[in-house]
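Remarks on the structure that follows.
All of the numbers you see were taken from the coordinates with simple rules; none came from a lab. Predicted model only: the values in this text are computed from it and were never measured. Quick reminder, even Gly has a Cβ in these numbers, built from the backbone with ideal geometry, and neighbours come from all protein chains shown.
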């Protein structure tokens with residue numbers, strides 16, 4: 001079966017893993033951890049990088065460092081992977097779920113501005129209060145949907161107007177540019193990335209928090225490592241054991257060395273699918289945005305006029321053709337743990353999620369496999 005997206009472990013990963021064994025540094029101490037952080041900061045133009053055990057733990061750590069606490073609200077888009085909402089819940093806070101833009105499937109800044117103006121006020125202590133619930137809004141958490149950047153200028157302008165930090169969920173954003181520059185220039189307070197097995201690069205798991213504020217990022221690093229102070233077992237705050245291991249980082253270093261090659265492959269695959277179906281009025285490529293050169297973490301097709309049942313039948317057809325095909329993310333307001341959260345929706349995420357079909361896009365996919373996928377889609381009636 002042609003897989004949807006699998007790791008490409010074809011560089012120096014094995015060599016660096018052997019170095020971990022030879023040097024006897026396999027846990028959370030070792031030279032590859034710092035090297036991986038330096039390479040990630042350089043690739044994104046952020047000043048600081050703190051690697052973690054998972055992308056979700058990075059989000060939880062970032063939200064906690066920003067002061068998100070019990071009962072607070074964090075704004076998230078309706079169309080995202082559930083880890084975004086889960087990280088908020090791990091802080092014992094609630095997601096405030098806001099719809100995405102129909103043009104790019106990322107957090108809609110026009111709607112965001114509107115609902116903040118209609119539903120919130122700033123109290124005498126400078127807190128943003130959600131009037132319908134009385135809860136404090138602590139953070140805006142936009143998502144790079146399939147690697148595509150949200151309209152970060154608009155979102156950050158709104159955040160600055162309300163005095164809110166922006167923690168971007170850029171789980172799949174490594175290699176994406178914004179306004180022609182790496183995403184360290186977006187004005188987000190911090191950005192998270194994930195290195196799960198299906199991401200642009202993988203470390204077999206793991207994540208990173210990136211930021212430019214030195215004091216904040218030092219706090220993040222301190223909290224990620226059990227908040228231990230000095231060489232003795234003294235801990236000054238409640239911390240987390242969210243550190244990345246040297247083994248994970250060694251794989252990550254081997255991967256990021258070929259990041260440009262991986263991103264070029266992803267963009268080539270996206271271009272193939274766009275060209276292959278351009279004669280079909282009922283099949284569209286995934287959304288783009290004028291402000292973002294996406295990394296095309298996932299490529300695929302969008303059938304806005306099809307029924308959800310017909311899209312499901314196409315998935316079944318592809319699997320019969322030995323091609324992996326899966327549903328896309330179900331919107332957050334439809335997920336059982338978050339069904340009672342505050343929402344401001346316009347039906348966009350609800351209307352598109354069942355009509356989005358990711359297609360195979362591993363970085364090592366061959367031209368023959370791409371053509372096999374194309375032929376299978378076109379053979380469906």
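Exposure proxy for 362, 10, 194, 224: other Cβ atoms within 10 Å of each Cβ, ordered fewest to most, give 10, 362, 224, 194.
Return 303, 217, 244, 192 ranked ascending by Cβ neighbour count within 10 Å, so the fewest neighbours appear first.
Result, fewest neighbours first: 303, 217, 244, 192.
Where the convex hull is taken over the Cα atoms of the chain, what is its projected area averaged over directions, in nm²? Computing the convex hull of the Cα atoms and averaging its projections yields 19.3 nm². Here the peptides 279-292, 322-335, 200-213 are ranked by packing, the mean other Cβ count within 10 Å, and the order with the highest first is 200-213, 322-335, 279-292.
Please rank 233, 273, fewest neighbouring Cβ atoms within 10 Å first, as an exposure proxy. Each step should come with its number before you reach the end.
Details: 233 8, 273 23.
Going from sparsest to densest Cβ surroundings: 233, 273.
Any chance you could run the full-extension gain for residue 89 through residue 70? It's 0.36 nm times the residue separation minus the Cα-Cα distance, nm to one decimal.
Values: separation 19, 0.36 × 19 = 6.84 nm, distance 0.90 nm.
Full extension of this stretch gives 5.9 nm more.
Rounded to a whole number of µm²/s, how large is the Stokes-Einstein D of region 259-378 at 20 °C and 1.002 mPa s, given Rh as the Kirkwood radius over C-alpha pairs? Approximately 137 µm²/s, per Stokes-Einstein.
Viscosity 0.692 mPa s, temperature 37 °C: Stokes-Einstein D of region 175-276 from its Kirkwood Cα radius, in µm² per second? Intermediate values should be presented prior to the final figure.
Values: Rh = 16.1 Å.
Value of D from the Cα-based Kirkwood radius: 204 µm²/s.
Full extension of the chain segment joining residue 233 with residue 267 gains 7.4 nm, where the gain is 0.36 nm per residue of separation less the Cα-Cα distance. Taken as Cα centroids, region 273-302 and region 76-126 sit 26 Å apart, rounded to the nearest whole angstrom.
Using just its DSSP H runs of length 4 or more, each adding -39500 (n - 2.57), the chain gives a mean residue ellipticity at 222 nm of -11000 deg cm²/dmol after division by all residues. Mind jotting down the distance between the C-alpha centroids of region 3-53 and region 210-238, whole Å? Region 210-238 and region 3-53 have Cα centres separated by 21 Å. Given their separation in residues at 0.36 nm each and the Cα-Cα distance between them, residue 161 and residue 378 gain 73.3 nm when the chain is fully extended.
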